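Here is the structure we will look at, set down as structure tokens.
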Amino acid sequence: MCKPRLMTSMLSCFLLGSWLATEASGQAPPSPAEFPFPEASEQIPFLPVKEFFRVEPKYTEEARKAQLEGTVTLYVEVPPYGIAENVRVLRSLGMGLEEKAVEAVRQWRFEPATRDSELVTAATIVLVDFHLPADAKMTPRLANNAISAGQIYRFGADSGVTSPEVLSRVEPTYTEQARAAHRQGVVVLYVEITSEGRPQNIQVLRGVGLGLDESAQESLRQWTYKPATKDDKPVTVVPDGRGKFQCQVRVGHREDCASGWGR
């Protein structure tokens, strides 16, 4: 008899790429605050959503003085009337910039998402970049001392950024608790792929419990990638809004060797 096992299905798993990691130094990014995702959100599909009106985020005085630049990453739900709801910070910069990013995105207006020709509420990932204008860099000395948390790029057909390629992968393990409960489902993960090809800041967006969420995270941490590139230079990435932007790990209890989950 075949043992039940966990299979993975990776959607362009770049998933949410090098988010705010310091690319040059290779330093690990700060751990963001954990936000619970409402159970009601578990039925909301991840769909491409395009904004047609946006407000640029404002700098805090502390961040401006520190010359801090980088990207804040947000989870956002967009109902048919096109405003951002249930905004959660997935990647922060500190010095108050995540609050400024949320404040700005709440003023954005989005085109409604559709599925099967019907308007639906959609979940999406929004990147908010913070860049100081040249005249705000003060002196060259201060500009050289600017703090960069690393910019994140989207990859896609029109982005000029290549997608990362999986070099090696480790399948997640099926927990005894899940096996006993015959638990199956899909774990959706937020992941950042750094310019060095390493997954980081892996967070569960949709889980199934019984240890399977943690198993999916642990397996993905061991994957390796050929980094995405922009202008022939390795960068950290997130896919564009027209494609999948989350990794899915499908988990299922199976007894029949001829059937089961696949990519």
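The values are calculated or read from the model by the stated rules, or taken from the named source; none is laboratory data. Since the model is a prediction, treat every value here as computed from it, not as a measurement. No Cβ is skipped: glycine too gets one built from the backbone with ideal geometry, and neighbour counts run over all protein chains shown. Just so you know, the surface numbers come from the protein's heavy atoms only, side chains and all, with ligands and any DNA or RNA stripped out. Shrake-Rupley method; radii C 1.70, N 1.55, O 1.52, S 1.80 Å.
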> Within the stretch 59-85, can you find the residues that are at pLDDT below 95, part of a loop (DSSP other than H, G, I, E, B) and of a type outside the set (S, T, N, Q)?
Replying inline: Leu68
> Of these, Glu111, Glu77, Glu118, which one is within 15 Å of Val49 (Cα to Cα) and in contact with an Asp or Glu (Cβ under 6 Å, 6 or more places away or on another chain)?
Replying inline: Glu77
>> Can you confirm whether Glu171 is over 17 Å from Thr71 (Cβ atoms) and modelled with pLDDT of 90 or more?
In response: no
> Residues of the stretch 174-193 being assigned to a helix (DSSP H, G or I), without any contact (Cβ under 8 Å) to a residue 40 or more places away in the chain and of a type in the set (A, V, I, L, M, F, W, C), which ones?
Replying inline: Ala180
> Quick one: is Leu142 surrounded by 20 or more Cβ atoms within 10 Å (Cβ to Cβ) and either closer than 22 Å to Glu77 by Cβ or modelled with pLDDT under 90 (or both)?
Replying inline: no
>> For the structure I just gave you, tell me whether Val76 is crowded, with 17+ Cβ neighbours inside 10 Å and more than 18 Å from Gln203 (Cβ to Cβ).
In response: no
> For Leu93, are the conditions met, namely being aliphatic (A, V, I, L, M) and open to solvent by 20 Å² or more (accessible area, probe 1.4 Å)?
Replying inline: yes
> Name the pairs whose Cβ atoms lie under 9 Å apart, with the first residue in the stretch 194-210 and closer than 17 Å to Ile44 by Cα and assigned to a strand (DSSP E or B), the second open to solvent by 20 Å² or more (accessible area, probe 1.4 Å) and among the hydrophobic types (A, V, I, L, M, F, W, C), and 6 or more positions between them or separate chains?
Replying inline: Val204/Phe37; Leu205/Phe37; Leu205/Phe46; Arg206/Phe37; Arg206/Phe46; Arg206/Val186
> Any idea which residue in the stretch 211-234 is nearest to Arg183 (Cα to Cα), counting only those that are in a helix (DSSP H, G or I) and open to solvent by 60 Å² or more (accessible area, probe 1.4 Å)?
Replying inline: Glu214
> Among the residues of the stretch 124-138 satisfying the criterion of being open to solvent by 60 Å² or more (accessible area, probe 1.4 Å) and in a loop (DSSP other than H, G, I, E, B), which is modelled with the lowest pLDDT?
Replying inline: Met138
